[in-house]
Amino acid sequence: MLQRILELRKALNDHNYRYYVLNDPAISDYDYDRMMRELQDLEAAYPQYDDPNSPSHRVGSDLSGEFATVAHRYPMLSLSNTYSLEELHEFCDRVTREVGPTEYVCELKFDGTAISVTYENGRLVRAVTRGDGSTGDDVTANVRTIRSIPLELRGNDYPSFFEIRGEILMPRASFNRLNAEREEAGESPFANPRNAAAGTLKQQSSAVVARRGLDNFMYYLVGDELPYTSHWESLRKAKEWGFKISEHMKLCRSIDAIDDYIRMVDKLRETLPYDTDGVVIKVNDYVLQRKLGYTAKSPRWAVAYKFKAEQALTRLNSVDFQVGRTGAITPVANLDPVQLAGTTVKRASLHNAEQIALLDIRLHDMVYVEKGGEIIPKIVGVELSRRPADSVPFEYITHCPECGTLLVKYEGEAKHYCPNQSHCPPQILGRIIHFIARRAMDIEGLGEETVALLYQQGLIRDIADLYDLTAVQLAPLPRLGDKSAENIVKSIRRSTEIPFPRVLFALGIRFVGETTAKNLAVHFGSLDAMMAASREELLAADEVGEKIADSIVQYLADEENQRIVARLREAGVQFSGRKREGLSESLEGKTFVISGTFARHSRDQLKELIELHGGKNLAAVSSNTDFLLAGANMGPAKLAKAQKLGVEIIDEERFLTMIGEGNASRPTSVAEQENNPVQGSLF
Ligand code: IVH
């Protein structure tokens, strides 16, 4: 059995490498998952063969506690920085003076967070953050989840002991996804991918880290007796062992070549999927590196040339205060329009009261605006020489600009909050808009404007009021009419079939995003069970920490919320779903591709049903597809491919029969499923 386990580990490591490092997968996700499942089953059955480096542990666990502090065997120095080509040329001149003309390796300067990873006999043993340079945090469990970092090395010509250093980064796509999720859950978004990468690496739960899509590039090999003569050679070797090494490195033999490289990167960086903030220039030859030596803080054989973020100087005219769904106050600057990095900037983020005080930003100041990794430009400084003589320090608001309530500050939060959750209009509107969103209750036809209008006209005051709306009330509203009004009412009715986990997410409890809602629903099975649970019992659910538990307790204890939930319940909204044990497994092991549009369910609902019944959704038709679930207007290419590969093509009715819901003349309501134990569950 051990042999099969080792075989699977090796194969999965190889596939990981192809997928995450080479970007060239050799097998389908489905086959990969099947092998992983087999390995996990075997490891569970034979715990004596467990290995912390098994690829099965990449999914992470919840067990990592506080981080241990570890001394770096080799200090993690920083690089001397410059923003000026002149200074860079001076660096090259100095190197030439001291060791003669030489070769440089030019590299991207990745804008993430540094990591040092130790390998012993080809196996990852420890990963430590930079910390203060001499000691750092042991984040091994988290780093093991980053798939571009090998757990076991390829080949056999690696030194038996070495450290390799590089940057952990969060690609912009992962960053945008993460921030969207955080905002949906009422959490403050990360300011930029660098902060997100560093914050994620310090997460207590490696399962959370595993989901966030971190990536890595390595750029520095360290060891006592490395059998290589140059940096370039070391990194070439490291690449062979399975590390992800940037393909944008270049060997340069002259200052002109370095200048060309910098110009090339300045263009290239816009197209890269991750942030870079400059280039690093390193003397290639190890003998010369040793000759040049180190200062207390940085090597004398390397320098970082950093790109300046584009800045513009403009006048700050006024400050607006926006109130979000959770009551968080965001100050936004109104500026004289100014050109910056190809766009006209009129507004910029001021973050919070502390930031304004720190920079001593005042009304009518001339301020510097910068566009960094952030999407919204920010104010980074004041031109004091142009400050009006009569200027006075900025006074932050003390009361909510929308409802007049005294603002509060919570411990550990930089922002002010309006605590008047139940009666502050933008908070109410924000909650309603969150509730009807596609990923929540999926109520179609009601845009933000219509919701605002309904609110102004006194037709809705909270999410429960939606269920009392009639077509007669809606039809006279601008841009609606009878047909749209009826469709909206239908869509609201249909939302009573939305399964409990999504309802829980839709309620908009602070910090309860989609994943947390699912975890809670699986753990408790119903809102009643959650209401009966103590704070400690809430903490027992997957990935629920103190902040989330407190927020749930607070939400459920609020009488207004209890009234809203009671009314939603009366309207038929789902507040329970079976726990994981109740899973129907009628589609166990079957794979589906969905294409086209369907009469009785949306595509998302069908996908959910497939998963609920143990099946798996695939994005594209391949020889691993069991069924093509075909709706109206599906692409002919997909159909042809399915026919060619002999994939079984089924329609919606046939699918519903497979899961025991067939032959109904109208959509089966979730409530009915609930009452019929034979017919599967909500999960
Ligand atoms: S080499 C002793 N190479 O920049 C030299 N660092 O300011 C070790 N960084 O802490 C660093 N890209 O986090 C090196 N290609 C690169 C880099 C790089 C980004 C970061 C790294 C380091 C910081 C120094």
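Here the stretch 190-211 is the region considered, the condition is being in contact with a Phe, Trp or Tyr (Cβ under 9 Å, 6 or more places away or on another chain) and in a loop (DSSP other than H, G, I, E, B), and the residue that is farthest from Thr271 (Cα to Cα) is Gln204.
Does the stretch 255-270 include one or more residues that are in a strand (DSSP E or B), in contact (Cβ under 8 Å) with a residue 40 or more places away in the chain and among the charged types (D, E, K, R)? Step through it out loud before you land on a result.
Within the stretch 255-270, the first condition is being in a strand (DSSP E or B), and the residues that meet it are none.
There is no residue in the stretch 255-270 that is in a strand (DSSP E or B), in contact (Cβ under 8 Å) with a residue 40 or more places away in the chain and among the charged types (D, E, K, R).
Looking at the stretch 466-484, is at least one residue touching a residue at least 40 places away in the same chain (Cβ under 8 Å) and surrounded by 19 or more Cβ atoms within 10 Å (Cβ to Cβ)? Among the residues of the stretch 466-484, not one is touching a residue at least 40 places away in the same chain (Cβ under 8 Å) and surrounded by 19 or more Cβ atoms within 10 Å (Cβ to Cβ), which makes the answer no. Can you find a residue in the stretch 221-240 that is buried (at least 19 other Cβ atoms within 10 Å of the Cβ) and assigned to a strand (DSSP E or B)? Yes, the stretch 221-240 has at least one match. If you go through the stretch 186-195 and keep only what is within 16 Å of the ligand (Cβ to nearest atom) and touching a residue at least 60 places away in the same chain (Cβ under 8 Å), you end up with Asn192, Pro193, Arg194. Within the stretch 123-146, being touching a strand residue (DSSP E or B) at 6+ places or on another chain (Cβ under 6 Å), away from the ligand (no atom under 13 Å from the Cβ) and outside any strand (DSSP E or B) holds for Val139, Thr140, Val143, Ile146. On inspection, Val280 fails the criterion of being part of a strand (DSSP E or B), touching a helix residue (DSSP H, G or I) at 6+ places or on another chain (Cβ under 9 Å) and within 16 Å of the ligand (Cβ to nearest atom). Among the residues that make up the stretch 102-113, is at least one of them more than 15 Å from the ligand (Cβ to nearest atom) and over 19 Å from Ala304 (Cα atoms)? The answer is no; no qualifying residue exists. Find the residue count for the stretch 215-246, including only residues that are in contact with a Ser or Thr (Cβ under 6 Å, 6 or more places away or on another chain) and under 24 Å from Leu268 (Cβ atoms). Residues meeting the conditions: 4. Residue pairs whose Cβ atoms lie under 6 Å apart, sitting 6 or more positions apart in sequence or on different chains, and linking a residue in the stretch 214-229 that is under 16 Å from Phe162 (Cβ atoms) to a partner that is at pLDDT below 95 and within 14 Å of the ligand (Cβ to nearest atom), are Val222/Tyr74. One residue stands out among those in the stretch 1-50 that are in a loop (DSSP other than H, G, I, E, B) and among the hydrophobic types (A, V, I, L, M, F, W, C): the one that is nearest to Lys239 (Cα to Cα), which is Leu22.
Looking across the stretch 72-90 at every residue that is within 10 Å of Tyr305 (Cα to Cα) and part of a loop (DSSP other than H, G, I, E, B), the one that is farthest from the ligand (Cβ to nearest atom) is identified as Ser84.
Checked against the criteria, Leu178 counts as without any contact (Cβ under 8 Å) to a residue 60 or more places away in the chain and under 12 Å from the mean Cα position of the chain (by Cα). Contact map, the stretch 91-105: first residue among the polar types (S, T, N, Q), second residue outside any helix (DSSP H, G or I) and surrounded by 13 or more Cβ atoms within 10 Å (Cβ to Cβ), Cβ cut-off under 9 Å, separation 6 or more or different chains; pairs are Thr96/Thr102; Thr102/Val283; Thr102/Asn284; Thr102/Asp285. Among the criteria (1) closer than 29 Å to His423 by Cβ; (2) touching a Lys or Arg at 6+ places or on another chain (Cβ under 6 Å); (3) outside any strand (DSSP E or B), the one Val332 does not fulfil is (3).
On the basis of being crowded, with 18+ Cβ neighbours inside 10 Å and within 14 Å of the chain's Cα centre (by Cα), does Asn142 make the cut? So that I can check it myself, show each step before the final result.
Details: crowded, with 18+ Cβ neighbours inside 10 Å: yes; within 14 Å of the chain's Cα centre (by Cα): no.
No.
Taking the stretch 196-225 only, how many residues are within 18 Å of Leu124 (Cβ to Cβ) and either basic (Lys, Arg) or within 16 Å of the ligand (Cβ to nearest atom) (or both)?
Of the stretch 196-225, the ones within 18 Å of Leu124 (Cβ to Cβ) are 201, 206, 209-210, 214-223.
Next, only the ones that are either basic (Lys, Arg) or within 16 Å of the ligand (Cβ to nearest atom) (or both) stay: 201, 214-223.
Within the stretch 196-225, residues that are within 18 Å of Leu124 (Cβ to Cβ) and either basic (Lys, Arg) or within 16 Å of the ligand (Cβ to nearest atom) (or both) number 11.
Residue under question is Asn53, and the condition is that it be more than 13 Å from the ligand (Cβ to nearest atom), of a type outside the set (Asp, Glu) and in a loop (DSSP other than H, G, I, E, B); does it hold? Yes: the conditions hold for Asn53.
Yes/no matrix, rows are residues, columns are (1) surrounded by 15 or more Cβ atoms within 10 Å (Cβ to Cβ); (2) touching a Ser or Thr at 6+ places or on another chain (Cβ under 8 Å); (3) modelled with pLDDT of 90 or more:
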{"residue": "Ser61", "(1), (2), (3)": "no, yes, no"}
{"residue": "Gly65", "(1), (2), (3)": "no, no, no"}
{"residue": "His72", "(1), (2), (3)": "yes, yes, yes"}
{"residue": "Leu85", "(1), (2), (3)": "no, no, yes"}
{"residue": "Thr102", "(1), (2), (3)": "yes, yes, yes"}
{"residue": "Cys106", "(1), (2), (3)": "yes, no, yes"}
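Within the stretch 289-311, is there a residue that is in contact with a helix residue (DSSP H, G or I) (Cβ under 7 Å, 6 or more places away or on another chain), in contact (Cβ under 8 Å) with a residue 24 or more places away in the chain, away from the ligand (no atom under 13 Å from the Cβ) and in a helix (DSSP H, G or I)? Yes, because at least one residue in the stretch 289-311 is in contact with a helix residue (DSSP H, G or I) (Cβ under 7 Å, 6 or more places away or on another chain), in contact (Cβ under 8 Å) with a residue 24 or more places away in the chain, away from the ligand (no atom under 13 Å from the Cβ) and in a helix (DSSP H, G or I).
When you scan the stretch 483-592 for helices (runs of 4 or more DSSP H) that lie fully inside it, which ones turn up with 1 or more residues that are within 28 Å of Leu454 (Cβ to Cβ) and acidic (Asp, Glu)? Walk me through it before giving the result.
Numbers: elements: 500-506, 514-524, 527-532, 535-539, 546-557, 559-570.
Correct list: 514-524, 559-570.
Residues in the stretch 147-185 that are within 16 Å of the ligand (Cβ to nearest atom), buried (at least 19 other Cβ atoms within 10 Å of the Cβ) and assigned to a loop (DSSP other than H, G, I, E, B): Ser148, Ile149, Met170.
Residues in the stretch 514-532 that are under 25 Å from Pro419 (Cα atoms) and crowded, with 20+ Cβ neighbours inside 10 Å: 4 in all. Evaluation of Ser385 against the conditions (1) loosely packed, with under 13 Cβ neighbours inside 10 Å; (2) in a loop (DSSP other than H, G, I, E, B) shows that the sole unmet condition is (2).
The values are calculated or read from the model by the stated rules, or taken from the named source; none is laboratory data. All values reported here derive from a predicted model rather than from experimental measurement. A quick note on method: Cβ atoms are made from the backbone with ideal geometry, for glycine too, and the neighbour counts reach across all protein chains shown.
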